[in-house]
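The values are calculated or read from the model by the stated rules, or taken from the named source; none is laboratory data. All values derive from a computational prediction rather than experimental measurement. No Cβ is skipped: glycine too gets one built from the backbone with ideal geometry, and neighbour counts run over all protein chains shown.
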Amino acid sequence: MALPRILLNLGLDSALAALALPPAIWMASPGAWPTPSWWLGAIPGAVLALLLAGLPVRLPQQYWRFASLRDLVAVVGAGIGGALLFALGLYVTGAWRPGNMAFPLIHAFSLTAFLLAPRILAPLKQAHRVGEPSEAPAQPVLLVGTGDAADLFIRALQQQRAPAFRVVGILARWPRSAGRRIQGHPILGGIEEAAEVLERLRGENRMPGAIVLADPDLHGPALEELLDVADREGVAVKRAPRLTALDPARRDGPVRRFDLRPVAIEDLLDRPQVPLDREGMARLVQGRRVLVTGAGGTIGGELARQVAALGPSQLALLDHGEFALYGIDLELAETHPGVPRRALLADVRDAARIARLMEEIRPELIFHAAALKHVPMVENDPMEGLLTNALGTRVVADAARSIGAKAMVFISTDKAVNPTSVMGASKRLAEMYCQSLDMQARHGQGGMRCVTVRFGNVLGSTGSVVPLFRRQLERGGPLTVTHPDMRRYFMTVREAVGLVLQASVVGAEDTYSRDGAAQPPELADGGIFVLDMGNPVKIVDMARRMIRLAGLRPDEDVEIRFTGLRPGEKLYEELFHGQEPPRPTQFPGLLVATPRTADAALVGRAIDEIAAAARQGHGKAALAQLSRLVPEFDHNPGTAPAAKA
């Protein structure tokens, strides 16, 4: 607190101490009144006594406008202490004092009341002071959430001069809270009773204009059910700002008007929090030199963020795209300035360049996320996909192994299972090479570990369906879906990368477990880690939900148009091939695929032959060789006819 404010508080508290003394004298001795000369010494003495008693509790440094219960308790203590010190001074000096022995208690009561009154009134006076006056009526809202979240939202509204929202009631997470009140607002029922509550409010002509989610932990099926109820009743559902943005006790500036935000599609994923071995991740990364390829992409960028937080001795960021690399490097410079970094512009297909960089930076741990991942784009230029995904992986793996790296983690995809696209087949070929290298390292009891991690779509990633739907919604539609039966696995990028790091801990160690047990036996044979993606989601259902989240009606306000399968696409993605049955691990969220492997030298020569054919423009020869190596590759290069709803 600034010195002028402290001095002002000292002056105000001194005045309150002076004003509190006459009422205390009158209440203690109504028939007696001290002489005027007595007051000349008593009032400064009462002020000094309060100031001395207030020093231990820092009374002058309090913000009256933000007085908390703890602050008010300190005021009571200062009032009692000041009264006792004043009474002690009267006794020591022998000055006139009331004959009533209860005077110190009466004085303490009077002084405390005078000190408390402005500290209680100040927050009330502050209410409705922030923001520009508005003639628009406040929108009635039904608040979802109890406890601190609901309390902060209501208190933040009270800080507004012209609140944009008016709480008509609260829905609690637990039905037994019904009938109680928060800040004077009634809890009308539990979330599962939302339909009955809304029907009752409609009958009372108090229908809310929106349902506001103050509870940040509400997601998954409970949120889905609430959205369905709100959709039937024609009520929008919005999220309140973060709790830190609502907190009226913040001292870093004036409280501002806030806006509600839409519910994100990510909130509807029923993804329970998976416990991760953070200590193991820190043990793997801390103090080591780490390289992330494809660092400018969605997965590579999140890998770089989470790795930087684990304290590597050096973090090298490699990408072929200049602007994407600049963006992640700038972000890490701001968020993790203490981590030494290098931004490297390079193409993973350039073997000589990658070899020189490996020799120069000598990474101990490599996360290989660089790839061409967009199925139709790779179908347009299949040779580029083969060169980047298959040859590029081999180039990075060979260069890393040659400089003695501890481990390389290869990011694969569910499209590598029974592939119908060149992208998926090229990633399967890369999987085979990494598996074979890992088998060599494990059976030889040394060398670089090569950990393969396979998972499905990441929500919000570059080129994924969610950003596409958002752009189409901004234009007013239509939302384009390839087929009404199209399904995909989805996971948030943060969760996916957390599980990738977890798999890296398991795969990069010879033996590792929480209870000392050995690794799953499949890992000794080049097993692939597969992230538990939950249940697949119908893309058309996701489109309809996003339209509703935008406050619009599917097929009425926004059209959903089916365009037909694109080249290389499948209706259903798979995480496991029929010959690699999944096996659980002791780590939640991680499965292991029983491997189908080949000899590293054989796969390596085949990749070289495919790359040579691709560079010479012999596409048919390259694809024929790819089909021989990946026999389950059932190429679908054509465009299916448009599906009908």
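Values as computed for the structure displayed
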item: Odd one out for residue 473, checked against (1) outside the structural domain of residue 367 (by TED's automatic domain parsing); (2) more than 27 Å from the chain's Cα centre (by Cα); (3) modelled with pLDDT of 85 or more; result: (2)
item: Conditions (1) among the hydrophobic types (A, V, I, L, M, F, W, C); (2) out of contact with any helix residue (DSSP H, G or I) (no Cβ under 7 Å at 6 or more places or on another chain); (3) touching a residue at least 24 places away in the same chain (Cβ under 8 Å); (4) crowded, with 19+ Cβ neighbours inside 10 Å: number failed by residue 164; result: (4)
item: Selected residue [assigned by TED's automatic domain parsing to the domain that holds residue 604, among the polar types (S, T, N, Q), at pLDDT 80 or above and not in a helix (DSSP H, G or I)] from 436, 412, 504; result: 412
item: Some residue of region 164-174 being modelled with pLDDT under 75 and assigned by TED's automatic domain parsing to the domain that holds residue 71; result: no
item: All positions within region 121-156 that are in contact with a Lys or Arg (Cβ under 8 Å, 6 or more places away or on another chain), buried (at least 17 other Cβ atoms within 10 Å of the Cβ) and modelled with pLDDT under 80; result: 123, 130, 131, 146
item: Only listed residue being surrounded by 23 or more Cβ atoms within 10 Å (Cβ to Cβ) and farther than 29 Å from residue 539 by Cα, chosen from 442, 454, 394, 356; result: 394
item: Any hit, region 220-227, residues being in contact with a Phe, Trp or Tyr (Cβ under 6 Å, 6 or more places away or on another chain) and either surrounded by fewer than 13 Cβ atoms within 10 Å (Cβ to Cβ) or at pLDDT below 85 (or both); result: no
item: Where residue 233 falls short, out of the listed (1) in contact with a helix residue (DSSP H, G or I) (Cβ under 8 Å, 6 or more places away or on another chain); (2) at pLDDT below 65; result: (2)
item: Single residue of region 284-296 satisfying the filter (in contact with a Leu (Cβ under 9 Å, 6 or more places away or on another chain) and of a type outside the set (A, V, I, L, M, F, W, C)) that is surrounded by the fewest Cβ atoms within 10 Å (Cβ to Cβ); result: 286
item: Leading residue by the ranking (farthest from residue 496 (Cα to Cα)) among those in region 365-397 that are modelled with pLDDT under 95 and of a type in the set (Asp, Glu); result: 381
item: In region 189-205, residue surrounded by the most Cβ atoms within 10 Å (Cβ to Cβ) [restricted to those that are under 10 Å from residue 169 (Cα atoms) and either touching a residue at least 40 places away in the same chain (Cβ under 8 Å) or not assigned by TED's automatic domain parsing to the domain that holds residue 150 (or both)]; result: 197
item: Residue among 74, 42, 17, 95 that alone is assigned by TED's automatic domain parsing to the domain that holds residue 109 and not in a helix (DSSP H, G or I); result: 95
